[in-house]
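Participant: Attaching a single structure in structure tokens format; questions to follow.
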Amino acid sequence: MRVSVDADKCVAAGQCVLLAPEVFDQREEDGVVVLLDESPSPELHDPVRESALVCPAAVIHLAES
Amino acid sequence: MKRVVVVGASTGGLATAEALRRAGHEGPITLVGAEPAMPYDRPPLSKQVLTGQRGPNELALRSSAEIDALDLDLRLGVPAAGLDIGRREVLLEDGIRLDYDELVVATGVRARRLPGTGGIAGVHTLRTVSDALALKERLRPGRRLVVVGAGFVGAEVAAAANGLGVHVTLLESAPVPLAAAVGDATGRFLAAMHRDHGVGIRADVRVTEIVQDGGQVSGVRLEDGSVLPADDVLVAIGSVANTEWLADSGLAVQEGLVCDEYSAAGPGVYGVGDVARWHNPLFDVTMRIEHRTNAAEQGLAVARNLLCPETRRPFAPVPYFWSDQYDVKVQAYGYLRDHDEALVLDNTTSASGRLLVIYRKADRLVGVLAVGASPKVLRAWRALIAGSTAWTAVLNRTIAA
């Protein structure tokens, strides 16, 4: 799985960080998403998929191999 | 294989369909939407769409390739007209009947209107992309916009219009704008912010009439008889759940579709998103939440409960919302409505651009609202809310800090 984020459209809700803190973080100053791991290990795939599903700005994109 | 029908093709309905496929459901999914547009995102309608930062073609919740991959029987532009839960059949307005094994009700809400204002040009409500584009067309420098109702939609539109050079007046029937939802202190903070930007705020006023001149709105008459002149009026006085099609179904409808803690409304029927009034066991409150993030989370939860009823789980989220006004982002976790106390922990002058308020209901912490707080601080508060932390423990901790 390859993860990418469109930080320009991020609304800083932080839902992804709650679900997958190993993969996502937020910038301290404005809460915009920071991608920590572009190719997360398999045990993280479910929470990452969940993050993409609930992201209120739909800015998390997944390429599943 | 279960045949699933999802009625409502916005955030909640689409999230349910997507979650069903992600969980491995291979049976047929029909997604019914009243609006003709492909599923789109609504929060930008009161913000970036009005300012022109986002075009109407930049609102899709998913790309058409992503929608295609879900292999849906997509029926857009057709509202549902009725439901027979005994025969497990949804009736659409075009006469089509859809059989289902499991039904998801995600029909959302519509904007509440002022009675008798239907045919008057220049009177707007804001819920759909066409509403937003019609309003955007009218927001020109020097024009006068009166916003009736200083809730979050009204406040966001006021901020966007103000930035476009429109003269904006925000009317609120309560003594403090937004107080019912977020408390007096937050309401005063936000009202001051609007005033600092030049928006006129009139609180504790009631509108008695939309004044028109030849079918075009010309002003708003207030209870004291005075008339505020207006080129356009936005009516932002809350919403009405779209449940009329359920009226004869036998399901319980009470300002929304009544659901239990699993989001189930009846045999083979679930509610998702703005339309669902479900019991949230975390707060022990039956709530209906009109927030973007809740619709997606509830869709995910319902997809799981629907596919695996033997391992179903209560839907017990900490609700989250945000609001963008001017250069400020308001963020809140929890259930703030009906709070007993709102305690200000950080200063409330709008000039500082910072605000931190926590909310108590009975003896526990139920919410936090912040402007300008760091994500880590907010997440720490969220964790305390999720843990049903006692108010006394919160106070001790705050004092210790």
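The values are calculated or read from the model by the stated rules, or taken from the named source; none is laboratory data. Note that the structure is a prediction, hence the values are computed from the model and not measured. Ideal geometry is used to build each Cβ from the backbone, glycine not excepted, and the neighbour counts take in all protein chains shown. Keep in mind that these areas ignore ligands, DNA and RNA; they rest on the heavy atoms of the full protein, side chains included. Shrake-Rupley method; radii C 1.70, N 1.55, O 1.52, S 1.80 Å.
Participant: Would you kindly give the portion of the calculated P(r) for chain B that falls above 35 Å, as a percent of all Cα pairs?
Facilitator: 31
Participant: Run down the lysines and flag those whose C-alpha is under 24 Å from the C-alpha of B:K47, throwing out any fewer than 8 positions away in its chain.
Facilitator: Cα-Cα hits under 24 Å: A:K9, B:K136, B:K329.
Participant: Please report the antiparallel percentage of DSSP beta bridges with both residues in the stretch B:113-235, rounded to the nearest 5.
Facilitator: 40
Participant: Considering only B:G165, B:A203, B:A150, whose Cα is most displaced toward the positive end of the charge dipole of the stretch B:113-235, charges sitting on Cβ of Lys, Arg (+1) and Asp, Glu (-1)?
Facilitator: B:G165
Participant: Something else: Just check chain A against the gyration tensor rule for me: Cα atoms, a ≥ b ≥ c as the square roots of the eigenvalues, rounded for a/c under 1.5, and otherwise prolate or oblate depending on whether a/b exceeds b/c.
Facilitator: Prolate shape, in that a/c is at least 1.5 and a/b is the bigger ratio.
Participant: What does the charge dipole of the protein assembly as shown about its Cα centre add up to, to the nearest 20 debye, if the Cβ of each Lys and Arg holds +1 and the Cβ of each Asp and Glu holds -1?
Facilitator: About 720 debye.
Participant: In debye to the nearest 20, how big a dipole does chain B give about its Cα centre with +1 on each Lys and Arg Cβ and -1 on each Asp and Glu Cβ?
Facilitator: So the dipole magnitude of chain B works out to roughly 940 debye.
Participant: Which residue fluctuates the most in chain B, going by a Gaussian network model with Cα springs under 10 Å, if the choices are B:A265, B:A37, B:A301?
Facilitator: The residue that fluctuates most here is B:A37.
Participant: Okay, moving on. Considering only protein heavy atoms and a 1.4 Å probe, what is the carbon-and-sulfur percentage of the accessible area of the protein assembly as shown? List each step's numbers first, then the result.
Facilitator: On the way: 9540 of 19590 Å².
Exposed carbon and sulfur together represent 49 percent of the surface.
Participant: I would also like to ask the following. In Å², and per residue, what accessible area does chain B have when probed at 1.4 Å with the other protein chains present? Before the final figure, lay out the partial values.
Facilitator: Numbers: 16600 Å² over 401 residues.
Ligands and nucleic acids excluded, the result is 41 Å² per residue.
Participant: How much of the DSSP beta bridge set in the protein assembly as shown is antiparallel, as a percent to the nearest 5?
Facilitator: The answer is about 65 percent antiparallel.
Participant: Looking only at other chains, what is the average number of their beta-carbon atoms within 10 angstrom of each beta-carbon in A:9-18?
Facilitator: Average neighbour count from other chains, rounded to a whole number: 5.
Participant: What size of dipole, in debye to the nearest 20, comes out for the stretch A:2-63 about its Cα centre when the only charges are +1 on Lys and Arg C-beta atoms and -1 on Asp and Glu C-beta atoms?
Facilitator: Here the stretch A:2-63 has a charge dipole of around 220 debye.
Participant: Note down the net charge around B:L92, summing +1 for each Lys or Arg and -1 for each Asp or Glu among other residues with Cβ under 13 Å from its Cβ. Please list the in-between numbers first.
Facilitator: Details: positive: B:R75, B:R97; negative: B:D73, B:D84, B:E89, B:E93, B:D94, B:D99.
Summing Lys and Arg as +1 and Asp and Glu as -1 gives -4.
Participant: Roughly how much accessible area, to the nearest 100 Å², goes out of reach of solvent when A and B pair up, both sides summed, probe 1.4 Å? Spell out each step's value before the answer.
Facilitator: Values: alone 3980 and 17550 Å², together 19590 Å².
Rounded to the nearest hundred, the buried surface is 1900 Å².
Participant: Follow-up. Normalized C-alpha radius of gyration of the protein assembly as shown, against 2.2 N^0.38 Å?
Facilitator: In units of the 2.2 N^0.38 Å rule of thumb, it is 0.98.
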